[in-house]
Amino acid sequence: MHPQDLPNVLSGVPMPLVLIGANERILTINSAAAEIFGTKLEGRPYHAMLRQPEVLETIERTWRSGKTETAQYLGAAGSRQTTYRVACAPIALEAGPGILLSFEDITHVEESSQIRRDFVANVSHELRTPLTALIGFIETLRGPAKNDEAARERFLGIMEKETHRMTRLVKDLLSLSRVESEERMRPGDPVDLGNCLASARQALRPQAEDAGVAVVIEGIDGPVIVPGDADQLQQVFTNLFENAIKYGGRNRTVTVRVSRQEMEPMLRGPAARVDVIDEGEGIDPIHIPRLTERFYRVDSHRSREMGGTGLGLAIVKHIVNRHRGRLKIASQEGQGTTFSVILPAARG
Ligand code: ADP
């Protein structure tokens, strides 16, 4: 290979590369690096291009130690923050020692560890609140309220409610982690949606009765079969019915409408669609894209009061994804919300 071929060879490497020569000037950069730093940088001192102190210090260290050192470089690709791990490798060049910088995009690694940290912080916070309440009540029951029969009953009632909420939280966390771990395996048992919907409604009968809500299922005139996991699909509808009952308002109706489409454009094939329609206050459109995030709530106080864990819709979303389906949320403030689950169906 002719030395003049080097820039062309480096430009064939998808990773951004910058070669610094013995006189601390840039010898060559490949086209991936030019996308970050711009062109015509050859011959300029590297300090002018790489202004981040951590990277400059690491290059200095590499000159001194003669060993590969690494640093982080924060870049911006459009509006997106990108994080690179920069390896500074000493290279023996014809004219003396040089350094080859290679930039590995680790944005996704950084993002997923941030998500994990947020998740742990959220779970801890969710558990700390009821635990603090429990400790407070235990102390009160042992001390000032020791002989107060009425207070004892009331406190025990609250303690029971908080304990149930923690149990639900742990149960939801476990289902979420199970669904996530299975997400790549598409389930394929024949499931009759009519049965699933009826079982979900049955399981929530007590809540519906307490709230005076009627859950009306429409559009079933025979089996509606989809390939799926019956327990998980039942969980989807249980969560959606439960929300519609909770947030749809007392003494209202929740309408569950089932329909079939021979050609669903998004799924490019036959589909079964279930619309869960409530008559509640609706949801401000700014919240809709985030509702399926874990622990995202429009009104945290109200959700907690109602014993919500903030995980119901995250579980729904993952199960629907696992079935290669779609979840759509449409809402008119003041007029209610419709959650639609669209699932690929068997042909016929
Ligand atoms: P939660 O346990 O808080 O109900 P979910 O994940 O099931 O958690 O729902 C997230 C949030 O979405 C709720 O806190 C609520 O603010 C909102 N939400 C869900 N379903 C409805 C609905 N049918 N009408 C209005 N808001 C809803």
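The Cα-based radius of gyration and maximum Cα-Cα distance (Dmax) for the stretch 110-182 are 16.9, 55 Å.
In this structure, residue 221 and residue 346 have a Cβ-Cβ separation that, at R0 = 22 Å, corresponds to a calculated FRET efficiency of about 0.85.
Report the extension gain between residue 145 and residue 328 in nm, rounded to one decimal, defined as 0.36 nm multiplied by the number of residues separating them, less their alpha carbon distance. If you can, show how the numbers build up before the last one.
Numbers: separation 183, 0.36 × 183 = 65.88 nm, distance 5.00 nm.
That works out to 60.9 nm of additional length.
Taking all protein chains in place and a 1.4 Å probe, what share, in percent, of the accessible surface of the chain do carbon and sulfur account for? Here it works out to 52 percent. Solvent exposure of the stretch 110-182 amounts to 69 Å² per residue of accessible area, where only protein heavy atoms count and the probe is 1.4 Å. Across all directions, the average projected area of the convex hull around the alpha carbons of the stretch 192-348 is 8.6 nm². Rounded to the nearest 10 degrees, the angle from helix 230-247 to the longest Cα principal axis of the chain is 70 degrees. Here residue 246 is the anchor, and the lysines within straight C-alpha reach of less than 17 Å, apart from those fewer than 8 places off in the same chain, are 161. Pop out the Kirkwood hydrodynamic radius of the chain from its pairwise C-alpha distances, inverse of mean 1/r, in Å to one decimal. Kirkwood radius, the chain: 25.0 Å. Loop only by DSSP, 12 or fewer other Cβ within 10 Å of the Cβ. Give me the GluC sites (Glu not before Pro) in the stretch 19-96 that pass, ordered by residue number. Listed in order of number, the matching sites are 94. Measuring r between the beta carbons of residue 260 and residue 214 and using R0 = 22 Å, the FRET efficiency lands at 0.35. Here the calculated FRET efficiency for residue 251 and residue 207, from their Cβ-Cβ distance with R0 = 22 Å, stands at 0.95, rounded to the nearest 0.05. Taking a spot 7 Å from the Cα of residue 183 along the direction of its beta carbon, which residues of the stretch 289-313 have an amide N less than 19 Å from it? Label zone hits: 289-297, 310-313. With a simple spin-label model that places each label point 7 Å from the Cα along the Cα-to-Cβ direction, the separation between residue 268 and residue 306 comes to 3.8 nm. Counted without the sites themselves, the longest stretch of the chain free of trypsin sites (Lys or Arg not before Pro) in a DSSP loop having at most 15 other beta carbon atoms within 10 Å is 68-145.
The values are calculated or read from the model by the stated rules, or taken from the named source; none is laboratory data. Quick caveat, the model's predicted, so the values are computed rather than measured. Note that each Cβ is placed from the backbone with ideal geometry, even for glycine, and that neighbours are counted across all protein chains shown. All accessible areas refer to the heavy atoms of the entire protein, side chains included, with ligands and DNA or RNA removed. Shrake-Rupley method; radii C 1.70, N 1.55, O 1.52, S 1.80 Å.
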